[in-house]
Structures are given as structure tokens and as C-alpha cells.
1. Quick check: is even one residue across the stretch 107-129 surrounded by 10 or more Cβ atoms within 10 Å (Cβ to Cβ), in contact with a helix residue (DSSP H, G or I) (Cβ under 9 Å, 6 or more places away or on another chain) and not small (Gly, Ala, Ser)?
2. Write out, first by first residue and then by second, each pair whose Cβ atoms fall under 7 Å of each other, whose residues are 6+ apart or on separate chains, and whose first residue, in the stretch 2-23, is aliphatic (A, V, I, L, M) while the second is surrounded by 10 or more Cβ atoms within 10 Å (Cβ to Cβ).
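The numbers here are math on the coordinates, done by the rules we state, and not lab data. Computed from a predicted model, the values in this text were never measured in an experiment. Backbone-built Cβ (ideal geometry, glycine too); neighbour counts: all protein chains shown.
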Amino acid sequence: MELISKLGIDWKLLVAQIVNFFILLFVLYKFAYKPVLEMLEKRSKTIEKGIHDAKASEERLKEIEQTRRKILDEASREVGKLLEKAKADAEAMKKDLMAAASEQAEDLLRRTKALVAEEKEKMTEDVKKEVAKFIILATGKILQREFSDSDQKRLADAVALEMEK
């Protein structure tokens, strides 16, 4: 102890400072160091959770993207099938319409030919009748000059019978 007093150190003061140091250390540990450690621990957990959530979100995003691609591929295939079916239906409808139009045209042509033939026959008959009238009139005039009444009647009847055939 004598050595301590020769160095100018007061042992009571030294003990008081050591006690004060440990009290200060305890108070700092209790009120400063421990809350800072807890805050750092919370911050560390929050960062870890954020990283974990980011990874989970990234995985979920990849799954959603794959699902979206599958859906788009399937939709694309369905659209292709529908387009092919629509083309086939359109072709079939086109063929049906062309066949119906062809049938209608043929029917119209047949009816027109029949009408033309009928009109031709009617006109031919009308012409024959007119020619017969002219022949009868001409024959009558010729016969009046050259034949008697009985000869004229007999000839007129013969020509009329011939025209009816």
C-alpha cells in the first residue's frame, strides 16, 4: 500500500472510480448497449425477411410467367384450331353456295331454253297460219280468174286440209 501512496494514488479514490466505472458499465449495458443490440437484431431480421420475401416473390413471378406462357401457348393453339375450322367451314360454305348458284343458273338456262323453244314454236305456227292465209287469198284470187265456183271450192278445201296437217 505504501507503494501506491508513494505513486500519488489514493486507494479510496481508486476504489470509488472502479465502482463508478462498473456502475457506468452496467447502466450503459442495460440502457444503451442492449437496446442497440436488440435494434440491430431486429434490423438484421427485417433485412433477412426482405431478402427471403424478394426470393419468394421472384420464384412466384417465375411461376406466374411460366403459367402465363402456358396459357398463351394454349390460347394460341386454340386460336389456330378455330381459324382452321373457320377456314374449313368457309370452304364448305363456298362450295355449297357455288353448287347452289350453279344449280340455279342451270335451272334458269333450262327454263329460258324451254321458253325460247315454246316461243319459237308459237311463232312458227303463227307464220304458218299467216302464210296459209296469204296462200289461200292468193289462190282464191287466182282461182277466181281461172276456175269455176265448184272448182274453187274443191281446191280451197283440199288446201285447207293440207294446211291442217
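1. First, the residues of the stretch 107-129 that are surrounded by 10 or more Cβ atoms within 10 Å (Cβ to Cβ): 107-129.
From what's left, in contact with a helix residue (DSSP H, G or I) (Cβ under 9 Å, 6 or more places away or on another chain): 128-129.
After this cut, where a residue has to be not small (Gly, Ala, Ser) as well, the list is 128-129.
Checked the stretch 107-129: at least one residue is surrounded by 10 or more Cβ atoms within 10 Å (Cβ to Cβ), in contact with a helix residue (DSSP H, G or I) (Cβ under 9 Å, 6 or more places away or on another chain) and not small (Gly, Ala, Ser).
2. Ile4/Trp11
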